[in-house]
Amino acid sequence: MGDGESRPLLAGRLRDGQWHGVDTVAAVLLALAFGASETLGGGWGAGAAAAVVWLPVAVRRRRPVRVLYTVLTGAVLAMAFTGWEESWLPVGAVLYTVAAREPRRRSATALGCSLGAVAAAMALVPRPVPAAGVASGIVFASSMTTLPWLVGTAVGEQRSYAELAARQAVTDERLRIARELHDVVAHHLTVITVRAEVARAVASADPQEAGRTLAVVGTAGRTALAEMRRMLGVLRSPGDGAERGSAPGLADLPALADGAGPRVELSVDPDPPLPAGVELAVYRIVQEALTNVVRHAGSADCRVSLSRPGPGAVEIEVVNDAPPRLASWLPSQLPPRRAGGGHGLVGMRERAAMCGGTLSAGPLATGGFRVHARLPCGSEAAR
């Protein structure tokens, strides 16, 4: 175990079966202790009542509600026959468990029944008791039931919030992995599919163009394999350092532009470097925008520009021209493009929103398409 790791407390390392054993030992010891004490002070009957009230606490984690009502019955009978006020201690112990483990409505009902049992027990006290004694007894019994219930309720709510936080963390991690896989797989498979069909279509008429297109396909395939290996490495060894150290960034944009398929004019402002998270977001937004160009505009020319309007932000603009008119023999051989059904724009907006930025996208009057994003970095990102 490393120096920075902390060992959990003993209570956090015990399992359910071990807790049941702890409860059993505690219940037996308390039954013996209170039974012996009451036997010396009030006889065998009082001692037996004290022991009987404590013994069910041994199974309070298995059947908390049933155990509570059993202990309540024993406490009322102990008060009625012996006047033993300490009979509310086991009631408080079980009521804590009910409040911590059961739903709020059932827990509140248990508290109400416990307070009702307090009133009934005070009414059944065997000997005349002064008003001050009755009042003090009611206060003591009510405190022994209400306070454990409040503590148990707080513990139960904290446990519920922790479970919700854990489920939310799992959901967020799934969305992050799904977004990464979509960005990696969708881009490269789109390039491979479209360019392979183009190569097949022009193979007989223009072998040189087919060769260049197949070279693009090979580059896209190798890049996809490399990024998939990176993703698998992140999943096997989670950690911010591992992901940031191997995640693509601005330095990888030229290779991305060269392997996209269409002619891409890339312009990057050589200002100071961006934070690692912003660099990854910039890369993924550009990657998805180029994927959409390949999917919907074919070999249309495209311009990608990154600018720094100020030290606290970076702007991304991806603009493609209108789709070129292909030769008459191409449409019948290329796969039909389906409108909608993708998650590209949604993913880009999510990327921008994760960095606290904005993204807009829409068609141009000239027939092309424009994607524009503004991401805060530096001082703006910290706001």
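Take the Cβ-Cβ distance between M228 and A162 as r, set R0 to 35 Å, and report the resulting FRET efficiency rounded to the nearest 0.05. Before the final figure, lay out the partial values.
On the way: r = 34 Å, r/R0 = 0.97.
That gives a FRET efficiency of 0.55.
With the highest mean first, a sort of the peptides 156-166, 313-323 on other beta-carbon atoms found within 10 angstrom per residue produces 313-323, 156-166.
Computed packing ranks the peptides 358-367, 112-121, 68-77 as 68-77, 112-121, 358-367, most packed first, by mean other Cβ atoms within 10 Å. Taking a ≥ b ≥ c as the square roots of the eigenvalues of the Cα gyration tensor of the range 151-207, is the shape rounded (a/c under 1.5), prolate (a/b larger than b/c) or oblate? Prolate, since a/c reaches 1.5 and a/b exceeds b/c. Label positions at M354 and V25, each projected 7 Å from the Cα along the C-beta direction, are separated by 4.9 nm.
The distance between label points at R105 and I177 comes to 3.7 nm (points 7 Å beyond Cα on the Cα→Cβ vector).
Any read-out appearing in this document is the output of simple, stated calculations on the displayed coordinates, not a laboratory observation. Since we're looking at a predicted model, the values are computed, not measured. All Cβ positions, glycine included, derive from the backbone under ideal geometry; neighbour counts span all protein chains shown.
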